[in-house]
Amino acid sequence: MIVLAFLVQTLRIAIPYLLASAGGVMSERAGLIGLTLEGYMLGGAFCGAVASYASGSATVGVIAAIAGGGILALLYAVCAIRFRADQVVVGIAINLLVIGLTRFFLRLIFDSSSNSPRVTGFAVTGGSGLAALVQNPLVWVGLAAVPLVAWVLYRTPFGLRVRAVGEHPAAAASVGVPVARVQYMAVVLSGMLAGVGGAYLSLDQHQFTDGMTAGRGFIALAAVVFGRWDPMRAGLACLLFAAADTFQIQLQGSQAIPSQFVEMIPYVLTIIALVGVVGRAVAPAALGRTASE
């Protein structure tokens, strides 16, 4: 039972990582840095909570989260592709923008600086645990996202174009590939997937909390790098990081180690994992480069 509870908790924590990392792979394989995953997730969580609260429907909340993440991704794409802005700077700016916007509208809509009222999630029977997990449709969406992105990248003409654009955009353009259009589509898909990951957080907790993503987008990006820009490997990395998160939660309950050190475990593991692949992982050749470079 202890092992089953650990696995259930790990899977529950992994779902937003899986969705965001799937989007991150799509964006980075097209040559655009996925630093904005954190902002997409936070924006999706807020849009999902507001729409679910207003409509009383979790499905409407997910649709709003997809739209919110997609709009933020489109903003990033316009800055990075159309105006050739530095992708790292734009990514940081959008993350900070989303933090400010969610706080502003949280106060404006709900008259609160910390959290929203309770919102409608996906109704489940069986309370918590495995029964609740398998009845949440977003869990299945998260599990399907990684193999679906892998199939798109490796088995479809669009995926071939994404990979070509991320490796050598000039060569892709020379054979008629619309480089900018492919990049726009890849980035918007990235934002939509990460937005669903954010919706999972707010609907699972039945409220939006200020800063509730708590660095999950950055951990998902680390999973993309650790997985060497392959969707399946990135998914396995997400499960590893989620298991570390579950382990630290259980350690907090035991009170054997000061909580401040326990909370560091997932982030320390992320750093160690990245250090282990530095120098061995080969990023897409055009990652972070503007069209003129």
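The values are calculated or read from the model by the stated rules, or taken from the named source; none is laboratory data. Please read these numbers as outputs of a predicted model, since none were measured by experiment. Neighbour counts run over all protein chains shown; Cβ positions are idealised from the backbone, glycine included.
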- Residues being more than 27 Å from Gly129 (Cβ to Cβ), modelled with pLDDT of 80 or more and of a type in the set (Phe, Trp, Tyr) - total across region 222-275: 2
- Residues that are touching a residue at least 24 places away in the same chain (Cβ under 8 Å) and closer than 23 Å to Pro284 by Cβ: find the helices (runs of 4 or more DSSP H) completely inside region 112-230 holding 2 or more of those. 137-155, 157-167, 179-205, 216-226
- May I ask you to verify whether Asn115 is closer than 20 Å to Arg216 by Cα and at pLDDT below 95? yes
- Message: When the residues of region 40-98 are narrowed to those that are part of a helix (DSSP H, G or I) and of a type in the set (S, T, N, Q), which ends up nearest to Thr213 (Cα to Cα)?
- Response: Asn95
- Query: Can you name every residue in region 1-39 that is part of a helix (DSSP H, G or I), of a type in the set (Gly, Ala, Ser) and at pLDDT 95 or above?
  - Reply: Ala14, Ala20, Ser21, Ala22, Gly23, Gly24, Ser27, Gly39
- Message: List the residue pairs whose Cβ atoms are under 9 Å apart, where the first residue sits in region 79-91 and is under 23 Å from Leu42 (Cβ atoms), the second is hydroxyl-bearing (Ser, Thr, Tyr) and not in a loop (DSSP other than H, G, I, E, B), and the two are 6 or more positions apart or on different chains.
- Response: Ile81/Tyr184; Gln87/Tyr76; Val90/Tyr76; Gly91/Tyr76
- Please give the number of the condition Gly176 fails out of (1) at negative phi; (2) more than 20 Å from the chain's Cα centre (by Cα); (3) of a type in the set (Gly, Ala, Ser). (1)
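Yes/no per residue for (1) surrounded by 14 or more Cβ atoms within 10 Å (Cβ to Cβ); (2) at pLDDT below 90; (3) under 14 Å from Gly61 (Cβ atoms):
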| position | (1), (2), (3) |
| --- | --- |
| Ser128 | no, yes, no |
| Leu133 | yes, yes, no |
| Trp140 | no, no, no |
| Val149 | yes, no, no |
